[in-house]
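Have a look at the structure below before the remarks.
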Amino acid sequence: MALDVGDVRIGVAVSDLMGIIANPLETYTRKGNLSADAQYVADLAQKQQAELIVSGLPLGLDGCENTQTGKTREFIEELCRHTDVPVKFMDERFTTLSAERVLIQGNVRRENRKKVIDKVAATIILQNYLDSRR
């Protein structure tokens with residue numbers, strides 16, 4: 001399972017049983033309560049029988065950590081208090097841009113893109129992780 005953690009939404013993607021292809025699962029709208037948000041994701045991981053959670057790590061263009069990196073790390077630390085599923089980080093630079101391009105090429109209207117871009121970004125993060133294992 002992969003996450004694209006944002007301040008407002010968390011995109012979620014899962015792989016097929018063979019761990020070859022990533023698929024978008026959902027976009028969770030955060031409730032503003034770190035513990036409740038982490039519990040929701042932990043419950044989802046259990047429901048999906050996730051063996052690993054891959055979280056995108058939003059680094060700056062220079063590869064350095066920034067404010068958003070810290071927020072993501074804080075969320076993942078809280079998530080780890082709610083689940084025993086191991087978590088790995090994956091560089092997510094350009095995934096949102098790539099997701100936007102995919103949606104534009106798919107002729108998804110601008111107002112509909114906002115609804116799905118986070119889970120598409122999570123799918124890209126997970127696919128990059130799955131590809132890196134081969």
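The values are calculated or read from the model by the stated rules, or taken from the named source; none is laboratory data. Keep in mind the model is a prediction, meaning the values are calculated, not measured. FYI the Cβ positions are ideal-geometry reconstructions off the backbone, even for glycines, and counts take in every protein chain you see. When the accessible area is computed, the model is the full protein with side chains, heavy atoms only, and any ligands, DNA or RNA have been set aside. Shrake-Rupley method; radii C 1.70, N 1.55, O 1.52, S 1.80 Å.
Within the bounds of segment 58-68, is there any residue that is assigned to a helix (DSSP H, G or I), surrounded by fewer than 18 Cβ atoms within 10 Å (Cβ to Cβ) and out of contact with any strand residue (DSSP E or B) (no Cβ under 7 Å at 6 or more places or on another chain)?
yes
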Starting from segment 88-113, keep only residues that are in contact (Cβ under 8 Å) with a residue 24 or more places away in the chain, then list their pairs with residues that are aromatic (Phe, Trp, Tyr) whose Cβ atoms are within a distance under 7 Å, requiring at least 6 positions of separation or different chains. Met90/Tyr129
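Can you tell me how many residues within segment 1-25 are over 13 Å from the mean Cα position of the chain (by Cα) and of a type outside the set (Gly, Ala, Ser)?
Just the residues of segment 1-25 that are over 13 Å from the mean Cα position of the chain (by Cα), to begin with: 16-21.
From the residues that got through so far, the ones that are of a type outside the set (Gly, Ala, Ser) too are 16-18, 20-21.
Counting residues in segment 1-25 that are over 13 Å from the mean Cα position of the chain (by Cα) and of a type outside the set (Gly, Ala, Ser) gives 5.
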Determine whether Lys114 is open to solvent by 70 Å² or more (accessible area, probe 1.4 Å), modelled with pLDDT under 95 and either at negative phi or in a helix (DSSP H, G or I) (or both). yes
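Would you be able to tell me the number of residues in segment 23-57 that are part of a helix (DSSP H, G or I) and not aromatic (Phe, Trp, Tyr)?
At the first step, the residues of segment 23-57 found to be part of a helix (DSSP H, G or I) are 34-47.
Then keep just the ones that are not aromatic (Phe, Trp, Tyr); that gives 34-39, 41-47.
Here the count works out to 13.
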Pairs under 7 Å by beta carbon, first residue among the charged types (D, E, K, R) in segment 11-40, partner in a loop (DSSP other than H, G, I, E, B) and surrounded by 15 or more Cβ atoms within 10 Å (Cβ to Cβ), six or more apart or different chains? Asp37/Arg30
Single residue of Leu79, Leu57 found to be touching a Phe, Trp or Tyr at 6+ places or on another chain (Cβ under 6 Å), closer than 20 Å to Lys119 by Cα and modelled with pLDDT of 90 or more: Leu57
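Report, by residue number, each residue of segment 80-111 that is in a loop (DSSP other than H, G, I, E, B) and within 19 Å of Gly70 (Cβ to Cβ).
As a first pass, look at segment 80-111 and keep what is in a loop (DSSP other than H, G, I, E, B): 83-86, 92-94, 106-109.
Result: Glu92, Arg93.
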